[in-house]
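Below is one structure, written out as structure tokens; comments come after it.
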Amino acid sequence: MKFVIIFGPPAVGKMTVGYELAKLTGMKVFHNHMTIDLILEFFPYGHEKFSTLVSEFRQRIFEEVATSELPGMIFTYVWALDQSDDKKQIDIYTEIFKRHGAEVYYVELEADLEERLERNKGEFRLAKKSSKRDISRSEKNLLQTEKTYQMNSDDDFFYHENYMKINNTNLLPDEVAKEIASAFGFTDNTGVA
């Protein structure tokens, strides 16, 4: 069992890379909007119940996957590295998998702001993330997040084992996925590299 966390700022390509990596490895993708968009149907972003439900849904899914026969899970996350609550949440998620003997991997993506603003309008992104379809609102959020939080590390990431950072400004998602699979020695679900 492998638990791969792909993190980075909004619209950096986490989900798209995750799906490409899943094609190579047979792992399942859990992008962060699978729970976010579900809970937004009931409570607005920032509401206490919103945060509680997003976290609880994720934890339950992780618990079931961690004890399953699946080869692993790829989880995408916008991680504000300067917010201790974000790190605490990631540590809770990774502990679920570690408790069951899974290996945890961290992939940090970074890309130029101009490229991310373009990706924010991408067809695949909008198809998978209903809350991002209001482009002006989504772009405003992206720019605000950029100003407010530390979205990428400065060679000071918390964990050094099973960690890599990739600037994917000029890379296609399948190229990034191949780089990740090669660096970590991931094989597909038939055992072929």
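The values are calculated or read from the model by the stated rules, or taken from the named source; none is laboratory data. As the structure is a prediction and not an experimental result, all values here were calculated from the model. Quick reminder, even Gly has a Cβ in these numbers, built from the backbone with ideal geometry, and neighbours come from all protein chains shown.
Listed values, structure above:
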{"item": "Odd one out for Asn162, checked against (1) over 17 Å from the mean Cα position of the chain (by Cα); (2) surrounded by fewer than 17 Cβ atoms within 10 Å (Cβ to Cβ); (3) modelled with pLDDT of 90 or more", "result": "(1)"}
{"item": "Tyr93 being of a type outside the set (Val, Ile, Thr) and under 17 Å from Phe157 (Cβ atoms)", "result": "yes"}
{"item": "Residue within the stretch 46-69 that is under 20 Å from Ile166 (Cα atoms), surrounded by 18 or more Cβ atoms within 10 Å (Cβ to Cβ) and of a type in the set (Lys, Arg) present", "result": "no"}
{"item": "Scope the stretch 45-57; condition among the polar types (S, T, N, Q) and either within 22 Å of Lys14 (Cα to Cα) or part of a loop (DSSP other than H, G, I, E, B) (or both); matching residues", "result": "Ser51, Ser55"}
{"item": "Matching residues in the stretch 66-95 - criterion: being closer than 17 Å to Ile6 by Cα and of a type in the set (A, V, I, L, M)", "result": "Met73, Ile74, Val78, Ala80, Leu81, Ile90, Ile92"}
{"item": "Residue within the stretch 35-44 that is assigned to a helix (DSSP H, G or I), free of Cβ contacts under 8 Å to residues at least 40 places away in the same chain and either charged (D, E, K, R) or surrounded by 16 or more Cβ atoms within 10 Å (Cβ to Cβ) (or both) present", "result": "yes"}
{"item": "Test set (1) modelled with pLDDT under 90; (2) surrounded by fewer than 18 Cβ atoms within 10 Å (Cβ to Cβ); (3) part of a helix (DSSP H, G or I) - Asp174 fails condition number", "result": "(1)"}
{"item": "Residue in the stretch 70-81 that is hydrophobic (A, V, I, L, M, F, W, C), within 23 Å of Ser182 (Cβ to Cβ) and more than 17 Å from the chain's Cα centre (by Cα) present", "result": "yes"}
{"item": "Flag for Ile5 being within 27 Å of Asn170 (Cβ to Cβ) and touching a Gly at 6+ places or on another chain (Cβ under 8 Å)", "result": "no"}
{"item": "Residues that are in a helix (DSSP H, G or I) and surrounded by fewer than 21 Cβ atoms within 10 Å (Cβ to Cβ), drawn from the stretch 1-34", "result": "Tyr19, Ala22, Lys23, Leu24, His33, Met34"}
{"item": "Filter result for the condition that a residue is touching a residue at least 12 places away in the same chain (Cβ under 8 Å), within 21 Å of Glu110 (Cα to Cα) and not small (Gly, Ala, Ser), over Leu81, Leu24", "result": "Leu81"}
{"item": "Residue within the stretch 110-133 that is in a loop (DSSP other than H, G, I, E, B), among the hydrophobic types (A, V, I, L, M, F, W, C) and modelled with pLDDT of 85 or more present", "result": "yes"}
